[in-house]
Amino acid sequence: MTIKLKKIIIWMLTGVLLTLSFSMVTIAQPTRAHSPLYWLHRETHLKQQTTSAPVSLQVTYDPAQSPRAQEIQGLMERTQTLERFVNPMNQVLALPEPITVLQAECGTVNAFYASEDRQIVMCYELVDYYLGLYNTHDVGVPTEIATVGALSFVLLHELGHAIVDISNTPVLGREEDAVDQFATIIMSRTEIGHIAAQAAAGWFYLKSSGQDTTAMPYWDEHSFDMQRFFNIMCLLYGSSPDSYVDLMQQLNIPDYRLERCSGEYAQALDNWMQVLRPYVRDL
Ligand SMILES: [Zn+2]
């Protein structure tokens, strides 16, 4: 991988790291040695960019109407959760068209990319859903960390859709799986990104656990939640097999599948790097 392409992943992950480090409400501010910028600087010697190219991603808020959505809007504005994630990406990504990341009250738990508006919509209800989910189910990290981790995964997933759209990238297979891979490989590049990706995988696992297997949505464009869980875990394992040996055994994933995970990870990484290459700023 070229230095330039390493930079895009590092900067994207900086967003995850910043978001997780300074997240939502209760997380202590890290010391300099723990700051993502510290290792970032050490590894790449990047300087603050002053490029005048248009901003790729712009976070905005649609005023919420219901009291609960207003609370969530206030929380997101106060913590600047998505801005902390998006701003570092803007320093690397130079997309041919700007994308708006709109936080809005949707009336349902959702997030989606709207091609006609060049908009990623992140619903306040989704934030509320994650806070409730991780508050009542232990995924090994505090509720706020898991919530921000899952939100980061979803935003990257939707950004994957946006990049496919504006770059006219041919997708040879199911796009929903491809953009799950995009989110996972971006997150797989740092330790805290792994935690975030695991929180997102945990969400799919938990969602799947209560599902009526006699009434599965076979028509859906997404893979089943449990498949999405195992696909994320396979990629995480493929990115760092030694770190996941015990967990993979607990999950009972057979060897013949595990043997393919590293190759699948390498392929997904290489493919996405090819897609991203034209949109990396000249750092
Ligand atoms: Zn999608």
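The values are calculated or read from the model by the stated rules, or taken from the named source; none is laboratory data. Model, not experiment: these values are computed from the prediction. Glycine also receives a Cβ, built like all others from the backbone with ideal geometry; neighbour counts cover every protein chain displayed.
Restricting attention to the range 192-237, the residues that are polar (S, T, N, Q) and in contact with a Gly (Cβ under 8 Å, 6 or more places away or on another chain) add up to 1.
Among the helices (runs of 4 or more DSSP H) contained in the range 56-137, which hold 1 or more residues that are of a type in the set (Gly, Ala, Ser) and out of contact with any His (no Cβ under 6 Å at 6 or more places or on another chain)?
Because the criterion is at least 1 residues that are of a type in the set (Gly, Ala, Ser) and out of contact with any His (no Cβ under 6 Å at 6 or more places or on another chain), the helices (runs of 4 or more DSSP H) in the range 56-137 that meet it are 67-79, 124-136.
One residue is enough: does the range 23-44 have a residue meeting the conditions within 14 Å of Leu159 (Cα to Cα), crowded, with 20+ Cβ neighbours inside 10 Å and at pLDDT below 95?
As a first pass, look at the range 23-44 and keep what is within 14 Å of Leu159 (Cα to Cα): none.
Scanning the range 23-44, I find no residue that is within 14 Å of Leu159 (Cα to Cα), crowded, with 20+ Cβ neighbours inside 10 Å and at pLDDT below 95, so the answer is no.
State all residues of the range 231-252 that are more than 16 Å from the ligand (Cβ to nearest atom) and in contact (Cβ under 8 Å) with a residue 24 or more places away in the chain; if no residue qualifies, say none. Met233, Cys234, Leu235, Leu236, Tyr237, Gly238, Ser239, Ser240, Ser243 - these are the residues of the range 231-252 that are more than 16 Å from the ligand (Cβ to nearest atom) and in contact (Cβ under 8 Å) with a residue 24 or more places away in the chain.
Scan the range 183-195 for residues that are assigned to a helix (DSSP H, G or I), more than 10 Å from the ligand (Cβ to nearest atom) and of a type outside the set (Val, Ile, Thr) and the total you get is 4. Reported count of residues in the range 130-148, each being surrounded by fewer than 20 Cβ atoms within 10 Å (Cβ to Cβ) and among the acidic types (Asp, Glu), is 1.
Exactly one residue out of Leu126, Leu156, Leu151 is buried (at least 20 other Cβ atoms within 10 Å of the Cβ) and free of Cβ contacts under 8 Å to residues at least 40 places away in the same chain, and it is Leu126. If you go through the range 77-113 and keep only what is surrounded by fewer than 16 Cβ atoms within 10 Å (Cβ to Cβ) and within 16 Å of the ligand (Cβ to nearest atom), you end up with Thr108, Val109, Asn110, Phe112. Checking each residue in the range 211-230 for being in a helix (DSSP H, G or I) and within 16 Å of the ligand (Cβ to nearest atom) picks out Asp225, Gln227, Arg228, Phe229. Restricting attention to the range 165-181, the residues that are buried (at least 19 other Cβ atoms within 10 Å of the Cβ) and more than 10 Å from the ligand (Cβ to nearest atom) add up to 1. Does the range 216-235 contain at least one residue that is within 14 Å of the chain's Cα centre (by Cα), modelled with pLDDT of 95 or more, more than 19 Å from Ile253 (Cβ to Cβ) and surrounded by 16 or more Cβ atoms within 10 Å (Cβ to Cβ)? No, the range 216-235 has no match at all. Of all the listed residues (Ser115, Ser152, Ser167), the sole one being of a type in the set (Gly, Ala, Ser), under 16 Å from the mean Cα position of the chain (by Cα) and closer than 30 Å to Asp282 by Cβ is Ser152.
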